[in-house]
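Visitor: Please find one structure pasted underneath; my questions will follow.
No lab work stands behind these numbers, since they all come straight from the coordinates. This is a predicted model, so every value here is computed, not measured. When we count neighbours, we look across all protein chains shown, and the Cβ atoms used for this are built from the backbone with ideal geometry, even at glycine.
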Amino acid sequence: MKKFERSLSLPSVVAIAIGGMLGSGLFVLPGLAAAKTGPSIWIAYLMAAVSVFPAAMSKAEMATAMPSSGGTYIYIERTFGPLLGTISGLGLWLSLLLKSSFALVGFGAYLLILVNVDIKIAALVSLGLITLLNISGVKKVGKVQLFVVAISVTALALLVIFGFATWDVNLMRPMILHGTSGLFAATAFVFVSYAGVTKVAAIAEEIRNPDRNLPLAMIIALLGVTSIYVLVTFVMVGNVSVDALQADIHPIYTFAFTMGGKVVGISAAILGVITLVSMANSGILAASRFPFAMSRDALLPPVLGRVHHRFLTPITTIILTASIMALAIIFLDVEKIAKLASAFKVTMFILVNACVIVLRETSVHWYQPSYQSPLYPYLQLFGILSGLILLFFLGLTPLLAVFAIIVLGLIAFIFYGQSRAQRKGVLRLYGHRPALNLLYRKSELPRDHLDVEAYSRHTTKSRTLDHLIDEDANVVVALFGKEHSPEMIAEMGLSLAGLGQAQVVHLTEVPEQTALEAVDEENPAIKAIERRICTMAEEKSVDFRFDAIATHEMVETMHTISNLTHCNWIVMGWEGRAGNGLLVRNPTGWLTTHLNSHFALFKDHGVRYIRKILVCLRPGREDPLFLQVADQIAGYYGGEFTFLRVLREDTSSEVQEKLREESRQLLKGRKSKHDLRFIFNDNAVDAILEAATAYDLLITGTPVNEDVLHILFGSGRDKFAERATCSVLRLTVKE
């Protein structure tokens with residue numbers, strides 16, 4: 001498959017993002033928004049921009065992880081599965097076509113100033129011409145649009161500059177006409193004005209240095225357009241009374257005419273005609289691709305995936321999109337169209353923010369964004385909460401429309417897509433019951449105990465797992481290709497194996513859209529890892545087996561491996577995070593509680609030679625197996641271990657003596673050199689971390705208590721793994 005050329009520079013991406021926003025949001029909506037809140041419309045635009053920012057950052061992150069995925073529909077479908085993918089695809093399609101519809105109504109209003117025509121007839125005629133243009137495949141319009149954007153920005157800047165000269169503070173009083181509720185209603189109403197800022201995520205594969213330029217372009221474009229919206233509307237309400245703007249759907253003309261007279265007004269009308277028809281054209285171009293993509297994903301009938309034999313354009317979806325737009329123009333007024341478009345867009349942005357939370361918390365191995373959204377998860381939670389508030393203030397009709405789309409998507413999925421969809425979605429794989437029960441039937445939920453033969457036949461590549469895994473292995477080391485030192489993790493597994501059989505398995509988790517057969521069996525990176533581990537094994541004179549497996553579902557593959565073998569331990573590398581949330585679970589957290597064997601997580605801090613080992617058991621985890629592991633590892637490396645007990649400073653002498661005797665009993669029979677050490681400190685974590693500075697390896701257990709945030713989202717990180725100067729081995733012992 002050929003890849004796109006990364007030819008788009010930062011200025012080009014910024015121009016495209018601005019081009020996706022400048023249009024009906026400024027040329028049509030300000031007057032209608034002024035009726036809701038008065039001169040404070042500039043505050044409404046500012047608040048809408050703040051609400052959009054989390055979604056922009058979330059989409060920038062996902063675009064760098066899935067640069068060729070094609071935008072919001074795929075992000076939601078890949079995260080939540082085909083059901084929400086169907087609903088979101090329909091919602092995105094309708095939000096774009098509705099935005100284009102009221103752009104065409106605005107076009108008609110500006111054209112009426114120049115020519116005596118009926119607004120809706122003018123909008124329908126232009127829709128017909130744009131439809132023919134899209135079917136014929138004219139793709140040079142994008143360059144024309146960038147030219148139009150440059151003219152629009154220049155003209156608007158001149159309006160602002162000259163508008164300040166005639167600005168009247170008296171027209172700004174009272175600033176907020178209908179209280180806080182009116183301001184929030186106006187904010188929700190103009191939300192759709194910023195929808196275009198995230199469109200550039202769909203072209204991430206064509207952007208130079210996307211991990212830097214994509215989020216930077218979104219931020220610059222959002223700040224730039226916000227500045228334009230705020231300044232233009234601020235100067236507008238200082239030159240034109242709210243009474244004159246309330247029912248005005250050509251406010252830029254009214255503003256220009258009031259400030260500069262007929263010539264300036266006519267110039268603004270011409271600018272409005274050009275800008276709005278250009279925006280409508282790009283809107284129908286983008287909107288028609290959603291049902292087309294859904295058809296290709298088997299979520300909608302194949303007729304919607306038809307391509308014109310000559311022009312190579314999705315003719316069916318273009319005609320369908322244009323037909324719905326025509327109905328909206330005929331039967332809905334511009335305010336209702338704008339409200340519906342905003343409602344669908346707000347809903348999609350809520351889901352976009354939720355996608356990042358699910359993808360981050362599950363830590364699926366294929367999700368590796370080169371850019372990460374700042375202030376996670378608080379930025380995403382703010383985006384979700386602010387979106388829900390804005391939906392409430394849009395009113396009952398838009399909420400009912402959103403509900404209708406949900407029902408329509410559900411019907412389409414149940415009667416068509418469900419039996420044909422090939423993917424499940426990340427939440428289906430890693431979600432917990434509270435989240436899963438909202439989206440899936442009971443029969444579709446992940447199982448704790450798998451049909452091994454059926455699972456391995458459909459999930460792994462080429463050979464089934466029972467042929468790949470040595471059932472006599474008592475230790476399985478799992479590698480995922482991101483480890484800093486895979487040979488150290490493998491060596492840790494070999495030390496646990498003792499005289500038993502060990503197996504190293506390299507797992508490659510790929511998105512469900514990628515066929516397992518497409519994964520290169522002779523991957524140079526995997527071959528290099530195998531060579532390095534073989535070198536280490538030869539040096540230690542130990543034997544092991546190495547296999548590489550490609551899978552769509554890493555967690556369940558690991559679970560199946562633990563069922564297929566008689567292994568005592570499964571060993572993995574670790575980045576310090578293993579929390580398992582109430583709503584979503586990360587793979588490590590899920591494995592911690594579901595594997596049928598003991599589980600060891602190794603945090604490599606670059607210590608190559610392990611001679612001194614510190615064992616510190618968490619309260620209530622006084623299992624002799626921890627000391628057995630320390631003894632075994634010390635024997636493998638020819639080192640020694642220390643059993644550390646941390647007590648509160650006010651611990652009585654009776655308790656101390658009792659604990660000393662219990663500790664001596666736990667140490668009985670250990671072959672390696674060892675000692676027992678007591679530390680008295682009320683801050684156990686700091687005491688252990690300070691003591692660990694004199695050791696090469698710290699062995700601990702899993703934490704018992706977590707706070708509310710960690711329970712909900714599984715976002716906790718292990719303090720020892722993050723702050724210890726030595727390597728850390730965290731053990732989860734099967735009861």
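Visitor: If you take the beta carbon distance between residue 370 and residue 147 as r and set R0 to 35 Å, what does 1/(1 + (r/R0)^6) give as a FRET efficiency, to the nearest 0.05? Spell out each step's value before the answer.
Guide: Values: r = 32 Å, r/R0 = 0.92.
Here the calculated transfer efficiency is 0.65.
Visitor: Order the peptides 718-727, 350-359 from the highest to the lowest mean number of other Cβ atoms within 10 Å of their residues.
Guide: The peptides rank, most packed first, as 350-359, 718-727.
Visitor: What residues have an amide H closer than 5 Å to that of residue 473, excluding those fewer than 5 places away on the same chain, when H is modeled at 1.01 Å from N in the peptide plane?
Guide: 566
Visitor: Here is a further query. Please list, in chain and number order, the residues 5+ apart from residue 699 or on another chain whose amide H is under 5 Å from its amide H, with Hs placed from the backbone.
Guide: 614, 615, 616, 729
Visitor: Sticking with this structure for a sec: How big is the range 241-380 along each principal axis, measuring the range of its Cα positions in Å and listing the largest first?
Guide: 62, 48, 28
Visitor: For residue 9 and residue 659, compute 0.36 nm times the residue count separating them, minus their Cα-Cα distance, and round to one decimal in nm.
Guide: 227.4 nm
Visitor: Calculate, axis by axis, the spread of Cα positions in the range 227-291 along the three principal axes, and write the results as whole Å, longest axis first.
Guide: Taking max minus min along each principal axis of the Cα atoms, the range 227-291 gives 43, 24, 23 Å.
Visitor: Extending each Cα 7 Å along its Cβ direction at residue 176 and residue 227, get the distance between those two points in nm, one decimal.
Guide: If labels sit at residue 176 and residue 227, their model points lie 2.7 nm apart.
Visitor: Mind jotting down a quarter of the surface of the convex hull over the alpha carbons of the range 50-126, in square nanometres, one decimal? Could the numbers behind the result be given before it?
Guide: Details: hull surface 29.2 nm².
One quarter of the hull surface, i.e. the mean projection, equals 7.3 nm².
Visitor: Indicate the gyration tensor shape class of the range 10-417 (rounded, prolate or oblate), computed on the Cα atoms with a ≥ b ≥ c the square roots of the eigenvalues: a/c under 1.5 is rounded; otherwise a/b larger than b/c is prolate and the rest oblate.
Guide: Working: a/c = 1.60, a/b = 1.32, b/c = 1.21.
Taking the square roots of the gyration eigenvalues as a ≥ b ≥ c, the range 10-417 is prolate.
Visitor: How compact and how long is the range 598-677, expressed as Rg and Dmax of its alpha-carbon atoms in Å?
Guide: For the range 598-677, the Cα radius of gyration and maximum Cα-Cα distance read 13.7, 41 Å.
Visitor: On a 23 Å Cα-Cα criterion, which of the cross-link pairs 540/603; 120/336; 59/424; 612/658; 527/612 come out too long?
Guide: Result: 612/658; 527/612 exceed 23 Å.
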